[in-house]
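The values are calculated or read from the model by the stated rules, or taken from the named source; none is laboratory data. Please read all numbers here as calculations on a predicted model, not as lab measurements. Counting neighbours? That spans all protein chains shown, and the Cβs are built from the backbone with ideal geometry, glycine included. Note: accessible area is taken over every heavy atom of the protein model, side chains too, but ligands, DNA and RNA are not part of it. Shrake-Rupley method; radii C 1.70, N 1.55, O 1.52, S 1.80 Å.
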Amino acid sequence: MVRTKIAGIGKYLPKTIVKNDDLQSVMETSDEWIQERTGIQERRYGIKHEETTTTMAAHAARTAIERAGITPNDVDFILFATLSPDYYFPGCGVLLQRELGITKTTIGAMDIRNQCTGFVYGLATGDQFIRSGMYRNVLVVGAEMHSMGLDYSTRGRNVTVIFGDGAGAVLLQPTEEADQGILASKLHSDGTYAEKLAFINPGAHGGYHNRYLEEAVDYGYGNDAFGGIFLTEKMIADGMTFPYMDGPFVFKFAVQKFPEVIQEVLKEAGENLSNLDMLVPHQANLRISQFVQRILKLRDDQVWNNIQKYGNTTAASVPIALCEAVEEGAIKRGDLVCLAAFGSGFTWGANLLRW
Ligand code: COA
């Protein structure tokens, strides 16, 4: 039976380290508050004008491609997960193709808009392409340059302190090995809470979804057929062009959905928790990971956490954490590994694999 294996993995973290105290110099916050609520000590920011979501993805992708023993031109398909794309359109997939110097046009490139769950969705999608026989070398990337789009005033502190920049990538290939590869994936969504964690403006909504907002404001979107606008001066003046998060609401949902989907994917593959060697959860908040660990009764060495160093890098967090765990020898060939994520949408999901 053909399965999909991760033939190569890579990560990239920009060099600039931003500590909690650095944020304290521009907004009302404190190292104590941030560490107590999130576990985060520092995060990385890309260098403006030199680094973007795409360039960071390219660094991670080159490592994954090299470790798989192929060259960029051997890649058949790119799946790019991000919520902080370089352009509104075209997506980062084609920009990554160009950045990697892939000139052949038989390749396909697709962007995934599933925020923190983007990489888990991407892995499940790439797995289908490989198992169907359509492609042999699928590159799945999660990358974010959050630091370009955050509100650095006290108004944005509940969101801004959490997020960091970075990228992770895997190169998927078919394998006939019985003890290796992706065993199962489970994907979920619930659009009821779309606005609980969202980046709403600028957008083409024209106020249509206002009934779902806690505070709906008319930003003067225009009423005639030719008058609609994405971005108004009032949006900018009101600081409505930044991410919004109802933190406590997201927290409650996440701690319920993480354990559920982990159990589900194990069941789908006929495995159980006692066989799990490593859980690599999306690095949303250390408190969420600890909560999930307690509910599932996992030991410390069964859960990989690195949010302390990198913050929440949304679509990049799972591949960065997986790559780090592999590089540090915490995941070895044959280990049963579960990747799980929850995020905006809401969307959530998990992949179970044998390394
Ligand atoms: N520094 C200092 N104070 C802050 C702050 C900051 N960075 N951010 C918020 N606060 C304040 C609030 O203004 C509020 O003050 P008030 O009581 O005077 O109104 C107080 O801290 C509590 O705010 P609240 O939002 O209720 O805090 P919380 O205990 O829920 O923690 C989060 C906030 C964001 C850390 C927490 O809700 C969380 O982690 N949620 C999940 C977020 C997440 O995982 N997002 C990604 C999903 S993939």
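Annotations for the structure displayed:
- Identity of the residue in region 265-285, crowded, with 18+ Cβ neighbours inside 10 Å and in a helix (DSSP H, G or I), that ends up nearest to the ligand (Cβ to nearest atom): 265
- Scan of region 292-314 for residues that are of a type outside the set (D, E, K, R), out of contact with any strand residue (DSSP E or B) (no Cβ under 8 Å at 6 or more places or on another chain) and without any contact (Cβ under 8 Å) to a residue 24 or more places away in the chain, ordered by number: 306
- Subset of region 87-110 that is charged (D, E, K, R) and open to solvent by 60 Å² or more (accessible area, probe 1.4 Å) - its residue that is nearest to residue 146 (Cα to Cα): 99
- Note on region 114-136: residues that are part of a helix (DSSP H, G or I), away from the ligand (no atom under 11 Å from the Cβ) and open to solvent by 20 Å² or more (accessible area, probe 1.4 Å) amount to 5.
- Boolean, residue 355 is open to solvent by 10 Å² or more (accessible area, probe 1.4 Å), under 20 Å from residue 64 (Cα atoms) and either in contact with an Asp or Glu (Cβ under 8 Å, 6 or more places away or on another chain) or within 16 Å of the ligand (Cβ to nearest atom) (or both): yes
- Qualifying residue in region 292-310 (condition: crowded, with 22+ Cβ neighbours inside 10 Å, touching a Pro at 6+ places or on another chain (Cβ under 6 Å) and not in a strand (DSSP E or B)): yes
- Matching option when the condition is open to solvent by less than 50 Å² (accessible area, probe 1.4 Å), touching a Cys at 6+ places or on another chain (Cβ under 6 Å) and closer than 24 Å to residue 283 by Cβ, among 168, 164, 156: 168
- Residue match in region 61-82 (condition: open to solvent by 10 Å² or more (accessible area, probe 1.4 Å), modelled with pLDDT under 95 and more than 20 Å from residue 115 (Cβ to Cβ)): no
- Qualifying residue in region 10-21 (condition: out of contact with any helix residue (DSSP H, G or I) (no Cβ under 9 Å at 6 or more places or on another chain) and at pLDDT below 95): no
- Test set (1) more than 22 Å from residue 144 (Cβ to Cβ); (2) open to solvent by 30 Å² or more (accessible area, probe 1.4 Å); (3) modelled with pLDDT under 95 - residue 235 fails condition number: (2)
- Elements of type strands (runs of 3 or more DSSP E) contained in region 137-202, each with 1 or more residues being over 16 Å from the mean Cα position of the chain (by Cα) and not aliphatic (A, V, I, L, M): 166-175, 181-189
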